[in-house]
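Here's the structure we're looking at; comments come further down.
The values are calculated or read from the model by the stated rules, or taken from the named source; none is laboratory data. This one's a predicted model, so the numbers in the text were calculated from it and none came from an experiment. Every residue, glycine among them, receives a Cβ derived from its backbone with ideal geometry; neighbour counts consider all protein chains shown. Each accessible area value is taken on the protein alone, full model and side chains, heavy atoms only, with ligands, DNA and RNA left out. Shrake-Rupley method; radii C 1.70, N 1.55, O 1.52, S 1.80 Å.
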Amino acid sequence: MRVLAPAKLNLGLAVVGKRPDGYHDLLTVFQAIDLADTLTLRSRAHGIALHVEGDDTIPEGPENLIVRAAMAYASEHGVEQGVLITVTKRIPAGAGLGGGSSDAAATLLGLEALWGVDADPVAERRLALELGSDVPFFLTGGTARGEGRGEILTPLPDPPEMGWLLAIPEFRCHTREVFASLSPGLTGSIQKLRMLEEAIHHGDVEAFARHIVNDLEPGVVRIEPRLARIREALQRLGAMAVGLTGSGSAMFALFRSQGDIAQLLDAGSILEGARLRACVPVGFGARVVTEDDDHRHPDLAG
Ligand code: C5P
């Protein structure tokens, strides 16, 4: 069985406040995109094992969220059968693209199908949140508002049609460190997030581009000043808007059309040390691959 685990962008992210449990309340707009990892699940008699392909920096032990998700799922449902999971990594780690979280959601959905467990959706979402703040989003994906730690989800319409470019730096950012560096006087961009949603509802390209915002960016740039140069370079290419996803390090740039991006990629795919790649929003999250998908999205995983 194969499961697709797409990456996400945070089109907007406002920090609303710090919580007593140490996390931060957020208001964010998530968007799933066509950059995806693929998981293959095979039944075996006993034990949970993981094999990682495509990124030799990713651990294969219990520090990997895939293994933690599988162990938690098996124990919650009393499953004694084992599973061998192979993940082909395409989503870079430490980029704010949610790769590990999407892999965890894909594991839960894949095991549900493989083991034929009738999972209670509420219990599944709770387990997802225990694994990480972004994991619940990937159970449904598409375009969604996230509140709380990001687990209170409201579906939104598709964003307007534009050209989307990802810039993926060599270096990684550490989510915990970025949140820890937030200054106490939080200036939440809540109003801007409301306007961003409004623009999505109206399909208003200009307003959409104007309200891309991430409250984590100033702190991330203090830690990684190279990101300021990547932002400037993307703006010089003529981007209508540039955004940071999650706690970085990846940035995205919006252009009027996909044609604009094709031209840029022809001109060279490295910018200030960041790898450039076109991407497309998708209306789904982690999901078991059907034969139909293979026909409809032949290059989704590319
Ligand atoms: O939930 P996750 O494991 O992805 O979070 C990683 C770290 O990021 C947390 O330990 C916390 O320091 C920070 N975080 C936060 N508020 C959030 C999400 C993450 O402070 N809503």
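Computed values, structure above
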read-out: Cβ-Cβ under 6 Å pairs, at least 6 apart or on other chains, the stretch 171-182 side open to solvent by less than 40 Å² (accessible area, probe 1.4 Å), far side outside any helix (DSSP H, G or I) and not β-branched (V, I, T); value: F171/S249; C173/G94; C173/S247; C173/G248; C173/S249; V178/L216; V178/S247
read-out: Conditions (1) surrounded by 11 or more Cβ atoms within 10 Å (Cβ to Cβ); (2) at pLDDT 85 or above: number failed by A301; value: (2)
read-out: Residue list for the stretch 28-40, filter: more than 13 Å from the chain's Cα centre (by Cα) and either buried (at least 24 other Cβ atoms within 10 Å of the Cβ) or at pLDDT below 95 (or both); value: L39
read-out: Number of positions in the stretch 20-47 that are without any contact (Cβ under 8 Å) to a residue 12 or more places away in the chain and either assigned by TED's automatic domain parsing to the domain that holds G219 or charged (D, E, K, R) (or both); value: 1
read-out: All positions within the stretch 3-24 that are surrounded by fewer than 18 Cβ atoms within 10 Å (Cβ to Cβ), at pLDDT 95 or above and touching a Gly at 6+ places or on another chain (Cβ under 9 Å); value: Y23
read-out: V213 under 27 Å from P155 (Cα atoms), of a type outside the set (D, E, K, R), touching a Pro at 6+ places or on another chain (Cβ under 7 Å) and open to solvent by less than 90 Å² (accessible area, probe 1.4 Å); value: no
read-out: Selection count where residues are within 20 Å of L11 (Cβ to Cβ) and open to solvent by less than 60 Å² (accessible area, probe 1.4 Å), scope the stretch 229-245; value: 11
read-out: Where a residue in the stretch 125-139 is among the aromatic types (F, W, Y) and its partner, wherever it lies, is open to solvent by 40 Å² or more (accessible area, probe 1.4 Å) and more than 9 Å from the ligand (Cβ to nearest atom), with Cβ under 7 Å and at least six apart; value: F137/L153
read-out: Restricting the stretch 115-137 to residues that are touching a helix residue (DSSP H, G or I) at 6+ places or on another chain (Cβ under 8 Å) and more than 12 Å from the ligand (Cβ to nearest atom), the residue that is farthest from L27 (Cα to Cα); value: W115
read-out: Index of the failed condition, A167 passing every other in (1) touching a Pro at 6+ places or on another chain (Cβ under 8 Å); (2) under 21 Å from L264 (Cα atoms); (3) open to solvent by less than 10 Å² (accessible area, probe 1.4 Å); value: (1)
read-out: Complete set of residues in the stretch 65-89 that are in contact with a strand residue (DSSP E or B) (Cβ under 6 Å, 6 or more places away or on another chain) and surrounded by 19 or more Cβ atoms within 10 Å (Cβ to Cβ); value: I66, V67, A70, V83, I85, V87, K89
read-out: Residues located in the stretch 145-181, provided they are more than 15 Å from the ligand (Cβ to nearest atom), of a type in the set (A, V, I, L, M) and assigned to a strand (DSSP E or B); value: L165, L166, A167, I168
read-out: Pick from the stretch 97-114, criterion open to solvent by 30 Å² or more (accessible area, probe 1.4 Å) and in contact (Cβ under 8 Å) with a residue 40 or more places away in the chain, ranking: nearest to the ligand (Cβ to nearest atom); value: L109
read-out: Residue count, the stretch 189-204 (criterion: assigned to a loop (DSSP other than H, G, I, E, B) and within 11 Å of G12 (Cα to Cα)); value: 1
read-out: Filter pass, L50 being part of a strand (DSSP E or B), in contact (Cβ under 8 Å) with a residue 60 or more places away in the chain, of a type outside the set (D, E, K, R) and open to solvent by 10 Å² or more (accessible area, probe 1.4 Å); value: no
read-out: Any hit, the stretch 53-66, residues being under 19 Å from the mean Cα position of the chain (by Cα) and part of a strand (DSSP E or B); value: no
